[in-house]
Amino acid sequence: MKHSMTPIWYVIKIYLIALILLFAFPSFGKVPPIVPPEAQQILRQTMAENGYLTVEMHAEFWQILRSFRNDEAVLTGMSFLRSNLSISEAIQAATWKSMLLSWESNEPIKTEALKIITDELDKFLLENNPFSKGTNNHREFARSFEASYRQSIKSVEAFILAASKRQSFVNTENGRFHLSKSMIERVLTNMEDSFDRADRLLDPQWREN
């Protein structure tokens with residue numbers, strides 16, 4: 001028998017795929033249509049390795065979201081995303097570190113962290129599921145996460161392979177993505193700042209830092 005979603009899970013599900021694809025894989029995954037295009041662009045610019053965030057971008061982002069969903073749903077969803085940014089950062093760090101190792105060695109290499117994420121998905125989901133085990137919300141989270149996540153992992157594998165061959169670009173569903181060792185290194189160097197900007201963007205109250 002299919003369980004109905006609780007109100008809180010329904011809101012969180014709206015933002016779950018955005019968490020996975022926009023934050024964990026900003027260049028690898030297909031952006032879900034549930035996120036307005038204008039907000040997608042602001043998210044991408046904020047998370048880019050050479051990205052930035054201004055008070056005007058922050059105001060526009062929140063205006064878009066509040067016109068798309070009621071205020072309570074927006075605040076709940078953004079709070080969920082902020083509380084799970086550490087998951088996204090762990091995924092992204094493992095991916096880019098694997099790409100750098102693959103570039104340097106001329107063969108596909110995964111860090112131990114990425115192996116756990118890609119090869120032991122059930123363990124990863126269990127450790128990072130925000131809901132109590134055995135609840136409907138726990139099961140719904142795992143199902144939704146896994147379906148979208150597995151699709152994105154295929155793109156991650158392609159990027160690691162491209163890095164091992166030292167290709168100058170990779171074609172993705174979001175367009176051509178340029179690739180170089182220096183770019184990978186810049187992403188890793190600037191990753192903490194990128195996620196700091198994301199945390200500020202998802203906070204309804206503007207703050208400089």
**Report entry** All positions within segment 65-77 that are modelled with pLDDT of 75 or more and either within 13 Å of the chain's Cα centre (by Cα) or crowded, with 18+ Cβ neighbours inside 10 Å (or both)
**Finding:** 65
Query raised in the report: Would segment 27-39 turn up any residue that is buried (at least 17 other Cβ atoms within 10 Å of the Cβ) and modelled with pLDDT of 80 or more?
Result: yes
Query raised in the report: With respect to residue 200, is the statement that it is loosely packed, with under 15 Cβ neighbours inside 10 Å, basic (Lys, Arg), part of a helix (DSSP H, G or I) and out of contact with any Pro (no Cβ under 8 Å at 6 or more places or on another chain) true?
Result: no
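Which of the residues belonging to segment 174-197 are part of a loop (DSSP other than H, G, I, E, B) and out of contact with any helix residue (DSSP H, G or I) (no Cβ under 8 Å at 6 or more places or on another chain)?
From segment 174-197, those part of a loop (DSSP other than H, G, I, E, B) are 174, 179-180; that's our starting set.
Within segment 174-197, 174, 180 meet the criteria.
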Query - Verdict on residue 193 being free of Cβ contacts under 8 Å to residues at least 12 places away in the same chain and either surrounded by 12 or more Cβ atoms within 10 Å (Cβ to Cβ) or among the small types (Gly, Ala, Ser) (or both) - result: yes
Query raised in the report: Which number in (1) within 24 Å of residue 53 (Cβ to Cβ); (2) surrounded by 14 or more Cβ atoms within 10 Å (Cβ to Cβ); (3) modelled with pLDDT of 75 or more marks the one condition that residue 180 misses?
Result: (1)
Requested in this report: Return a yes/no flag: does segment 115-137 have any residue that is surrounded by fewer than 19 Cβ atoms within 10 Å (Cβ to Cβ), in a helix (DSSP H, G or I), at pLDDT 75 or above and of a type in the set (Gly, Ala, Ser).
Outcome: no
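The values are calculated or read from the model by the stated rules, or taken from the named source; none is laboratory data. What you see is a predicted model; the values in this text were computed from it and never measured. Heads up, the Cβs are rebuilt from the backbone with ideal geometry, glycines too, and the neighbour counts pull from every protein chain shown.
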